[in-house]
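Below is one structure, written out as structure tokens; comments come after it.
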Amino acid sequence: MNSGTLAGVVALLFSLAGAAGADGPRLRPVTNPLWQQECGSCHVPYPPALLPAASWNAVMDGLPDHFGSDASLTAEEEARIRQFLVGNAGRGAAQKGGKPLLRITETPWFVHEHSEELPASVWQRKEIGSPANCAACHAGAADGRFNEHDIRIPGGGK
Ligand code: HEC
Ligand code: HEC
């Protein structure tokens, strides 16, 4: 990891910590109907604050080949959603190999937050399948609620 990457990671962690309340990081509730509809149909609409702007731009640049799915939009929809995501993005940078990270689940913050209390094998449970399947454990994920009081892990553990 070069120093630029490290600084970026620290900045991202800092911006999340900056949103911390008594119960831990609290995500600012932001919403946008077009984003909810278009980016919440295959998975929960992932909170914009969990990736920096460069990552959202990279995600939006690659929609026709989006993690093996075609998530293409019209140019107008794409521009409106991009504006919403970038405008509410986390600060700093999260990179891998000099490129913006595309996955929240690969950010150091996510890995850390989810390794303290969870055994590594949890992601393989059939009801979960992928760390990106936030709603498997966070009952309010579709509405942007990731509060620690709203967590139920299929197969047990919390
Ligand atoms: C046609 C279905 C589909 C649509 C529509 C879609 N996605 Fe995805 N998205 C996926 C799949 C499949 C994955 C990979 C999930 C996994 O790894 O379990 C994914 C993963 C992601 C991830 C990485 C999750 C992680 O942290 O591992 C992000 C970020 C993301 N999508 C953003 C978006 C945004 C923004 C939109 C709207 C512009 C969108 N998606 C619309 C199918 C879709
Ligand atoms: C296997 C179950 C599971 C999955 C899947 C999962 N999480 Fe979590 N999440 C947890 C647990 C357990 C915690 C730790 C709660 C604690 O510290 O008490 C947590 C904590 C969090 C927190 C901090 C909440 C707080 O109040 O401290 C956020 C934000 C979060 N997860 C977001 C996500 C997002 C976004 C996804 C999907 C990309 C996701 N999680 C997927 C189980 C899960």
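Annotations for the structure displayed:
- Contact order relative to length of region 94-150, as percent, for alpha carbon pairs under 8 angstrom and 6 or more apart: 17
- Cα extents of region 35-158 along the three principal axes, largest first (Å): 43, 30, 26
- Cut-off under 5 Å, modelled amide H: who pairs with His66 long-range: Ala71
- Karplus 3J(HN,Hα) series, Hz, for region 49-62 with 6.51 cos²θ - 1.76 cosθ + 1.60 (x for Gly, Pro): 5, 8, 9, x, 4, 4, 5, 5, 4, 5, 4, 5, 6, x
- Among the chymotrypsin sites (Phe, Trp or Tyr not before Pro) found in region 43-96, those both in a DSSP coil and sparsely packed, with 13 or fewer other Cβ atoms within 10 Å of their Cβ, are Phe67.
- Less than 5 angstrom separates the built amide H of Leu101 from those of Ala94, Gln95, Lys96, all sequence-distant by 5 or more or on a different chain.
Values in this text are rule-based calculations from the coordinates and carry no lab data. What you see is a predicted model, and the numbers here were worked out from it, not measured in a lab. With ideal geometry, Cβ positions are generated from the backbone for all residues, glycine too; neighbour counts draw on all protein chains shown.
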